[in-house]
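See below for the structure under consideration.
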Amino acid sequence: MSDTASSLLGTAPTTDTTTAPAATPPADTHSSPNAPLQPPADAPPAGEAAWTWDKYAKDEDLGWLQTKGYKDPKDLIKAARSSEQLIGLEKLPLPKDEKDAEGWNRVYRRLGMPDKPEDYKLELPDGTDKTFVDRMAKMMHANGVSQKAAQSLAKEYMAFGGEQQTKLAQAQQAEHTQQLDALKVRWGSATEKEVSIAQQGIDAFCGEGQLEKMKAALGPAATLEFFNKLGNELREAKRVDGDGGGFGPMTPAQAKYQISQKQLDANFMAAYMDRNHPGHTTALAEMTKLHRYASPE
């Protein structure tokens, strides 16, 4: 078979069937072929058995040592010293149980709790209720709160209280404004007159400091209405004279009441309805004015 055919079959051509001499392995420059094998570095000295924990530990202890991978006492000593350095030389005994008050106090003091509730240093605004502060200090001490945590709690409490007071004041102001606007609508064009009447009631019946207390309790709108009634009682009348038509500015409600009374007055209505009546002009002017006060918009 030709060399080309052999290559197509994937076999090399055979030209010599003579067996070649075996190759000589390279010389080992580190050891003699007849030198004895060296034991592993961690093998026990000659004549000594390999170390095992079986003689010193059994059952769970043996399993723990094997799981940890401690091969001999040297490994165990090394691990113990590393743990001691990590934990520290000064040990803090854990409480026996939840009823071990002294044990828990020992832990809390180490974490920063003062010796006594009175020793808490809390930065609070002047005027803070001392009774409240003392009670909170006792509660925090009973629960092992540290000085740092106590100060953080006090700071957060005061911030929250301030925010709540601000929101309350804003809501109250908005409500008072709404009530005053509603009162102005009810009084209409007579608002200035009704406020003046209320001032007369304030001057006559309100002592020093009482007005602010009433405003805080009732709100400004209700306070104005209260003293307006007192002022009207002082005047012993439900209307203010001085206008050419026999009455001054009125609230819409007062004007509607006056219209209903006029409509019940037969003499007035006769003059109002009859253009030839001698009192028609006056009656028309009064009724027109009353309707203007009744519907100010």
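The values are calculated or read from the model by the stated rules, or taken from the named source; none is laboratory data. Predicted model, so just to flag it, every value in this text is computed and none were measured. Here the Cβ is made from the backbone with ideal geometry for all residues, glycine too, and neighbour counts use every protein chain on show.
From the list T191, T177, T166, T128, which residue is modelled with pLDDT under 90 and among the hydroxyl-bearing types (S, T, Y)? One residue alone meets the criteria, T128. The residues in region 172-214 that are charged (D, E, K, R) and in contact (Cβ under 8 Å) with a residue 40 or more places away in the chain can be counted, and the count is 5. Using the structure shown, decide if R81 is basic (K, R) and within 30 Å of A50 (Cα to Cα). Yes, satisfied. The set of residues from region 117-172 being assigned to a loop (DSSP other than H, G, I, E, B) and within 22 Å of N105 (Cβ to Cβ) comprises Y120, K121, L122, N143, G144, V145, S146.
Look at region 58-97 and say how many of its residues are at pLDDT 80 or above, out of contact with any helix residue (DSSP H, G or I) (no Cβ under 6 Å at 6 or more places or on another chain) and hydroxyl-bearing (S, T, Y). Qualifying residue count, region 58-97: 1.
Could you list all residues from region 93-110 that are exposed (fewer than 14 other Cβ atoms within 10 Å of the Cβ) and out of contact with any Pro (no Cβ under 9 Å at 6 or more places or on another chain)? Those that are exposed (fewer than 14 other Cβ atoms within 10 Å of the Cβ) and out of contact with any Pro (no Cβ under 9 Å at 6 or more places or on another chain): P93, L94, K96, D97, E98, K99, R109, R110.
Can you spot a residue in region 159-171 that is in contact (Cβ under 8 Å) with a residue 24 or more places away in the chain and either surrounded by 11 or more Cβ atoms within 10 Å (Cβ to Cβ) or hydroxyl-bearing (S, T, Y) (or both)? Looking through region 159-171, none of the residues is in contact (Cβ under 8 Å) with a residue 24 or more places away in the chain and either surrounded by 11 or more Cβ atoms within 10 Å (Cβ to Cβ) or hydroxyl-bearing (S, T, Y) (or both). Comparison of S146, S152 shows that the only residue that is under 44 Å from the mean Cα position of the chain (by Cα) and surrounded by 13 or more Cβ atoms within 10 Å (Cβ to Cβ) is S146. Within region 210-235, no residue satisfies the criterion of being at pLDDT below 90 and outside any helix (DSSP H, G or I). Which residue is farthest from I259 (Cα to Cα), if the candidates are limited to region 288-297 and must be surrounded by fewer than 19 Cβ atoms within 10 Å (Cβ to Cβ) and of a type outside the set (D, E, K, R)? Checked region 288-297; the qualifying residue farthest from I259 (Cα to Cα) is P296.
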